[in-house]
Amino acid sequence: MVLVTLWWLPKDALAGGVIHNAFGIPRTEDGLGIKVGERTTFHTGFALATGVDSNVYHQHKSERPVTAGTIWPSAWLGIGNRDLRDGLLMTPAERSGRIMDFNISVLGGFRQYLHPLPVVRQAPRFAIGAQLRFVFLPGRKFSIHLDADPFYGQAPSSYVTSGKDLNFNRFDGRGQLAFYLRPGGGRLSLGLGLRAQFLVFQDGSLYRNNRRVLGLMHETKWRFLPRSSIVLSYTMDFTYYTNCCAEPGTGRNEDNYAHRLLVGYRGQAFKKLTFDVMVGWGGAFYRQDNIGPGSTFNSFIGTAGMNYFPTLRSVVHLGVFRSYQDALFGNYYVDNGGRFALGHQFRWRMIGHVGASIAARRYHGLPVPGTEDNRIDEYRGRGDDQLQIRGAVVSAEAKIEQPLGKVFSIALGYNLMVDSANFVVDYTLDGNQDRLGYVKHVAMLLLSVRI
């Protein structure tokens, strides 16, 4: 097993159920918190999750996936004078007397697999991440926004009968520093900023995937109604692979420039409806790795979402999207799909959530066997003649959470993850092969103490 499958899965795949945060670590909703200032609140909590994982190593069904029980304690703390929603700081557009709005949170966990095989019990399992959000001079004619999301995670990815455990242990971080100017009465907002990301794997077999991303962002927003805005956004990212080879034919040369230009509407159009519609163009240019069909991306991208609030305690979300992202195996992948979510808070304070997402996914620009990568003999599967991997990715989640008094809570969650790609990579040197595609079920019971 040389090829790893979907590197972002340990971080993002468990996005719903009781594991509903960006780092894939179990936690529950915050409690009332402790006031530590006129507007600042401190939150903390501890949780113990136990459950079952039907496919620890994201294996293809032909490999008889490893199923294991899990015990997963986690803890978190946070402080801020504004709440976070979908990773965004809820700072109002109008001017206030505050110098700074902020929210700082840290979340960590330790997952222990329960299985007769020592290699499964010893699988890497520690993860910790933070979300940092600052807005200096909120609502003024000039303000500064600083966002950062550092993360360290240990996650198993591949299992072989020899007992070797390949993994995705990695340092992964991203951040943005943006400056906003609001001339006139504040209806017009102009933003310009710098973006940065990094990804470093600890497993020596993945060194060629270590990368840095440096980029620019711009946003123009015109608020033509109190709750409606026209938005134009542009981002450019330069991805540089730090450990690639300089000579073509001896390694990956997938440094690239990615552009995304979007325009659309965000706001509340009716009493119970909000919309977020952004459409435009995307381009990814791989100047040193343009061998084979579809090695660059130049096409339409966009997203359209609607939130409906039938009551003050309920929300229904529907959305469609077309997007592309840089890939660690191949040049990039394109997703075309849709999603829905339903959330409701019952009168007895129970919180319920169900959601699902499905996308047709296509990887482009796979390394050419024998030319770009001498380790690979051939590909077998849908799209192999075009150096592509074609399939669909599905995720679904369900969660119920019941507070017990002001401090305790209990939650039950379920996650489904499916990658329908039935793709085989054969290797010349050792005769091994990788089979891509898997089905994964995760069910958990979560007990927590939170403030």
For the stretch 121-135, state whether one or more residues are farther than 30 Å from Ser228 by Cα and more than 23 Å from the chain's Cα centre (by Cα).
yes
Ile99 is checked against (1) crowded, with 19+ Cβ neighbours inside 10 Å; (2) without any contact (Cβ under 8 Å) to a residue 40 or more places away in the chain; (3) of a type in the set (Val, Ile, Thr) and fails just one. What number does that condition carry?
(1)
Residues located in the stretch 60-81, provided they are within 21 Å of the chain's Cα centre (by Cα) and of a type outside the set (A, V, I, L, M)
Trp72, Ser74, Trp76, Gly78
Hey, could you check the stretch 269-278 for residues that are assigned to a strand (DSSP E or B) and either in contact with a helix residue (DSSP H, G or I) (Cβ under 8 Å, 6 or more places away or on another chain) or at pLDDT 90 or above (or both) and say which is farthest from Thr239 (Cα to Cα)?
Leu273
Going by what's in this entry, would Arg98 be described as more than 28 Å from Val424 (Cα to Cα) and in a loop (DSSP other than H, G, I, E, B)?
yes
Of all residues being modelled with pLDDT under 90 and among the small types (Gly, Ala, Ser) in the stretch 354-413, which is nearest to the chain's Cα centre (by Cα)? Just the residue, please.
Gly365
Could you list, in sequence order, all residues of the stretch 140-182 that are in a loop (DSSP other than H, G, I, E, B) and either modelled with pLDDT under 80 or closer than 30 Å to Gln122 by Cα (or both)?
Gln154, Ala155, Val160, Thr161, Ser162, Gly163, Lys164, Phe168, Asn169
Leu137 being modelled with pLDDT of 90 or more and on the phi > 0 side of the Ramachandran plot
yes
Kindly indicate whether any position in the stretch 410-422 is among the polar types (S, T, N, Q) and free of Cβ contacts under 8 Å to residues at least 12 places away in the same chain.
no
On the given criteria, is Tyr438 touching a residue at least 60 places away in the same chain (Cβ under 8 Å), touching a His at 6+ places or on another chain (Cβ under 6 Å), hydroxyl-bearing (Ser, Thr, Tyr) and within 27 Å of His60 (Cα to Cα)?
yes
Is it the case that some residue within the stretch 79-88 is at positive phi and either charged (D, E, K, R) or not in a strand (DSSP E or B) (or both)?
yes
Could you say whether any residue in the stretch 84-93 is modelled with pLDDT of 90 or more and either of a type in the set (A, V, I, L, M) or surrounded by 17 or more Cβ atoms within 10 Å (Cβ to Cβ) (or both)?
no
Tally time: how many residues in the stretch 41-76 are of a type in the set (Ser, Thr, Tyr), at pLDDT 90 or above and either buried (at least 19 other Cβ atoms within 10 Å of the Cβ) or assigned to a strand (DSSP E or B) (or both)?
5
If you take the residues of the stretch 299-354 that are touching a Leu at 6+ places or on another chain (Cβ under 9 Å), in a loop (DSSP other than H, G, I, E, B) and of a type outside the set (Gly, Ala, Ser), which of them is surrounded by the fewest Cβ atoms within 10 Å (Cβ to Cβ)?
Phe309
Could you tell me how many of the residues in the stretch 281-298 are within 22 Å of Thr220 (Cα to Cα) and crowded, with 16+ Cβ neighbours inside 10 Å?
2
Take Gly365 and decide whether it is in contact with a strand residue (DSSP E or B) (Cβ under 9 Å, 6 or more places away or on another chain), among the small types (Gly, Ala, Ser) and under 24 Å from Leu273 (Cα atoms).
no
Go through the stretch 212-254 and give me each residue that's buried (at least 17 other Cβ atoms within 10 Å of the Cβ), among the charged types (D, E, K, R) and at pLDDT below 90.
Arg252, Glu254
Taking the condition β-branched (Val, Ile, Thr) and within 23 Å of Leu48 (Cα to Cα), does Val393 pass?
no
Which count do you get for residues in the stretch 21-40 that are within 22 Å of the chain's Cα centre (by Cα) and either surrounded by fewer than 22 Cβ atoms within 10 Å (Cβ to Cβ) or acidic (Asp, Glu) (or both)?
4
Selection count where residues are over 17 Å from Asn298 (Cβ atoms) and modelled with pLDDT of 85 or more, scope the stretch 255-266:
4
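The values are calculated or read from the model by the stated rules, or taken from the named source; none is laboratory data. None of the values given here were measured: they were computed from a predicted structure. Because the Cβ atoms are built from the backbone with ideal geometry, glycine has one as well, and the counts that use them run over all protein chains shown.
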